[in-house]
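Before any comments, here is the structure.
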Amino acid sequence: MRKQYIFTLIIALLCASALLQAQEYLNWGFTFGNNRNHRMGDMALDANENVYVVGTITGTVDFNPATDTDNDLTSASNAKGYLAKYSKEGALVWTKLIGGEGLYEVTVGPSGEIIVLGTFINSAVIDGNVGIVNPQSSTATTMFIAYFDPQTGNATQAFAQEGTDNQEPYDLKVKGNDIFVAGSFKGTIDLDFTTGTDTQTVPGGAAKSLFITKYTNNSLMWSHTIATQADDSNIVDLEIDSNGAVYIIGLMRHDADFQNETLTTDPLFAQDQSYLAKYDARGNFQYKRRAKRVNSLSRIIYTSLVITDDDLVTIAATLEGGTDIDGVSSRVQGNELDILALSYLTNGTNVKAKSIGASSDQYAFTHGIDHFGNWIISGQGEGSFSDFDPGPGVANLVFRNGQTDTYVAKYNDNLDFVWAHRFREKSRANDRAQEMILRNGNIYLGGFTKSPSLDIEFGEGETLLSVAAGALENVYVISLNNVGESSVSETLCFGENYQLGDSTFNQLGDYEVVLASASAFGKDSLVNVEIAQIRDEIVLSSTVTDVSVSFTNNGSVTINASDAAMRGFEYSLDNVNFTTNNTFGSLFSGNYTAYVKDQFGCTASTTFTVANPSNLRGTVTVSDVTCNGVNDGTIDIQASGGTAPYS
């Protein structure tokens, strides 16, 4: 089965108002929260595009405000983690209140199980009878990993990351049968979550160590630590390519040791120095790349890492002032904050560096790459002149001065502008996109909002989401649909092509084609094309009767077509007037084309010639008599040409 993809788009938000149905781009959106700060920790999708959301709550939160049903979770005094499952249509499936301090990362495991990363102090009951403890410290913030049944939401097992001092989770990813964890620790830690032991200690002089680990079937395969002299250095994102190599991005605010290779920060510009690092499938360090600041006003903050299907390493970042990427200078206008998009080959060669922005601030927080290399970038915009077109054109979105709105922008594989939209606030408040997932042409986006009234429609129309009274920050998840979808099933004649846009089909199969709108704010069209049948070839032959006398019209032809009894053929000699009679008479001599079409519109043609007879000739042979008066003489006449028989 062959498929041709071009583009499809969907985005996802969570809100404390009723579930909102599809209007133009919008499928659904809602928020949840209360009158305290609540941000999403992470978001994941399973194979059916069910949405899993984790984070931390305090107090009582209704996770399904679309109904009157009680779907509250309550953490009476201390913050606790939550895990919620929603269907592809945005309907709540189940929620769980998780013991410990909170949840920060979620992913779907190799067998469909839901895996989360969280923290606790001393001991915690994750769910039901599943408990954890850190015997090495009763006061340290300790990481844990827990597994949940996707159908019921019940915890099946949990493991503590034992250690002597504070730990912090950064990322959790799955690739095939492998699970990857990124975090940091102080003091001493056992990096083997399960029954083994892998004790690591922060070196003397270092503030803490970052780490990445790989597990297969709950067994630790390898671990790697990065000692750093700055307490606020981190790992922002982790991804895995098709060969199992691991890539991380983050911030280094002081020197760091990558497997005996030091990343040295510039002492003049020590803050906000971002890095990219690669490890092979066995955990061996391969290389590091640093975004260099060009002056004391420069800031480069890597925020999102995505590896494409063909192993292109892409990074979205926020840039101020300018940067030097492997000798490629990427500067912006003035000292405003702008979007920076970077691409690397797997060997660490930078192949693209482009800044996007104008005189107002634009922050990039998350991005995705679709099947065709198009970039979808989301974050915050601020100010009255935010140009999202990096080329000679202008695509300005106006944001409220002093406040920030969520934007979503699309660029092609060369980072040329396609379109940009924003969510509009009805009051002065902030909102931000935090997480984005692209799946099967869809985009799911999650973040937070402070706005009492947030319009999440793109273009015309208005759909408002609201937060709890007195809320500081509430979680949102929105689902947008940027395509009008239709289907077509075609039966082709032999040798025929089906044309749709720039795509041509002449083989059996299923295809998906996206026809991009001519307008930057228009809606693309997704067409599902099925070539269901290709009819057999029409094979023609002709039986010709030539004219009997030159320059008369008594010639004829019979056209014979294959499979005639089943296909209801009609015949013509001028391709205009057709008849079911396959014999044509009263033909003069000459060259003809016969046309045939069946009841399905399939056609074929063949040529034939009606010939004149050759000129009539006679040959006379005389035999004289043998003797005078004898009648044995003869005259023999042989005729040729013309039309037999002769007389």
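Is one or more of the residues making up segment 284-301 open to solvent by less than 70 Å² (accessible area, probe 1.4 Å), within 26 Å of the chain's Cα centre (by Cα) and at pLDDT below 95? Among the residues of segment 284-301, at least one is open to solvent by less than 70 Å² (accessible area, probe 1.4 Å), within 26 Å of the chain's Cα centre (by Cα) and at pLDDT below 95, which makes the answer yes. A single member of Ala140, Ala91, Ala124, Ala84 is touching a residue at least 12 places away in the same chain (Cβ under 8 Å), closer than 17 Å to Asn474 by Cα and of a type in the set (A, V, I, L, M), and it is Ala84. Looking only at residues in segment 133-150 that are surrounded by 18 or more Cβ atoms within 10 Å (Cβ to Cβ) and among the aliphatic types (A, V, I, L, M), which one is farthest from Leu45 (Cα to Cα)? Result: Ala140. Of everything in segment 362-392 that is at pLDDT 80 or above and more than 29 Å from Ala44 (Cβ to Cβ), the residue that is surrounded by the fewest Cβ atoms within 10 Å (Cβ to Cβ) is Pro392. Within segment 607-647, if we keep just the residues that are closer than 30 Å to Asn560 by Cα and modelled with pLDDT of 80 or more, the residue that is most open to solvent (accessible area, probe 1.4 Å) turns out to be Thr607. Among the criteria (1) modelled with pLDDT of 50 or more; (2) open to solvent by 40 Å² or more (accessible area, probe 1.4 Å), the one Gln4 does not fulfil is (1). Of the strands (runs of 3 or more DSSP E) contained entirely in segment 68-132, those carrying at least 1 residues that are within 30 Å of the chain's Cα centre (by Cα) and surrounded by 14 or more Cβ atoms within 10 Å (Cβ to Cβ) fall at 72-86, 92-98, 102-108, 114-121. The condition of being touching a Leu at 6+ places or on another chain (Cβ under 6 Å), assigned to a strand (DSSP E or B), at negative phi and open to solvent by less than 30 Å² (accessible area, probe 1.4 Å) holds for Ala182. Residues that are outside any strand (DSSP E or B), modelled with pLDDT of 95 or more and surrounded by 18 or more Cβ atoms within 10 Å (Cβ to Cβ): does segment 244-264 have at least one? Yes: segment 244-264 contains one or more residues that are outside any strand (DSSP E or B), modelled with pLDDT of 95 or more and surrounded by 18 or more Cβ atoms within 10 Å (Cβ to Cβ).
Scanning segment 347-357 for residues that are β-branched (Val, Ile, Thr) and crowded, with 17+ Cβ neighbours inside 10 Å yields a total of 1.
Within segment 449-461, is there a residue that is at pLDDT below 80 and assigned to a strand (DSSP E or B)? Yes, that holds for at least one residue.
For segment 206-217, does any single residue satisfy the condition of being of a type in the set (D, E, K, R) and modelled with pLDDT under 95? Looking through segment 206-217, at least one residue is of a type in the set (D, E, K, R) and modelled with pLDDT under 95. Quick one: would you say Gln273 is touching a strand residue (DSSP E or B) at 6+ places or on another chain (Cβ under 6 Å), polar (S, T, N, Q) and modelled with pLDDT under 85? Criteria met by Gln273. Within segment 28-57, the set of residues being open to solvent by 30 Å² or more (accessible area, probe 1.4 Å) and at pLDDT below 85 comprises Asn35, Arg36, Asn37, Arg39.
Residue-by-condition table, conditions (1) assigned to a strand (DSSP E or B); (2) out of contact with any Ser or Thr (no Cβ under 8 Å at 6 or more places or on another chain); (3) open to solvent by 10 Å² or more (accessible area, probe 1.4 Å):
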residue	(1), (2), (3)
Thr152	no, yes, yes
Thr156	yes, yes, yes
Phe159	yes, no, yes
Glu168	yes, no, yes
Lys173	yes, no, yes
Ile189	yes, no, no
Thr194	no, no, yes
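For residues that are modelled with pLDDT under 75 and not in a loop (DSSP other than H, G, I, E, B), scanning just segment 302-338, find the one that is surrounded by the most Cβ atoms within 10 Å (Cβ to Cβ). For segment 302-338, the residue satisfying everything is Thr323.
The values are calculated or read from the model by the stated rules, or taken from the named source; none is laboratory data. Worth saying up front: this structure is predicted, and the values here are computed from it rather than measured. No Cβ is skipped: glycine too gets one built from the backbone with ideal geometry, and neighbour counts run over all protein chains shown. Ligands, DNA and RNA are stripped out before the accessible areas are found, and what is left, the full protein with its side chains, is counted by its heavy atoms. Shrake-Rupley method; radii C 1.70, N 1.55, O 1.52, S 1.80 Å.
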